[in-house]
Amino acid sequence: MKKFSYTRPASLDAALKLAAGEGAAAWAGGTDLIDRMKERVTNPKLVVDLKGGALDGKIELVDE
């Protein structure tokens with residue numbers, strides 16, 4: 001895995017701006033991104049953590 005920076009923004013607006021940047025990847029707590037980074041399939045310079053502050057209370061799962 002290559003070196004990368006990590007941030008956990010407190011707001012959704014900040015997270016969206018950071019995740020839209022060149023070399024950034026959004027991470028919502030799953031393992032897919034980390035697995036791809038370990039296999040060097042994906043090599044982001046910045047990982048933007050969306051769980052916690054950025055998405056707290058913003059997503060509602062609906063069972064249809």
Review point. Quick check: is even one residue across the stretch 40-53 assigned to a helix (DSSP H, G or I) and modelled with pLDDT of 85 or more?
Key: no
The number of residues in the stretch 1-32 that are among the β-branched types (V, I, T), part of a loop (DSSP other than H, G, I, E, B) and modelled with pLDDT of 85 or more is 0
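The values are calculated or read from the model by the stated rules, or taken from the named source; none is laboratory data. From a predicted model like this one, the values you see are computed outputs, not experimental measurements.
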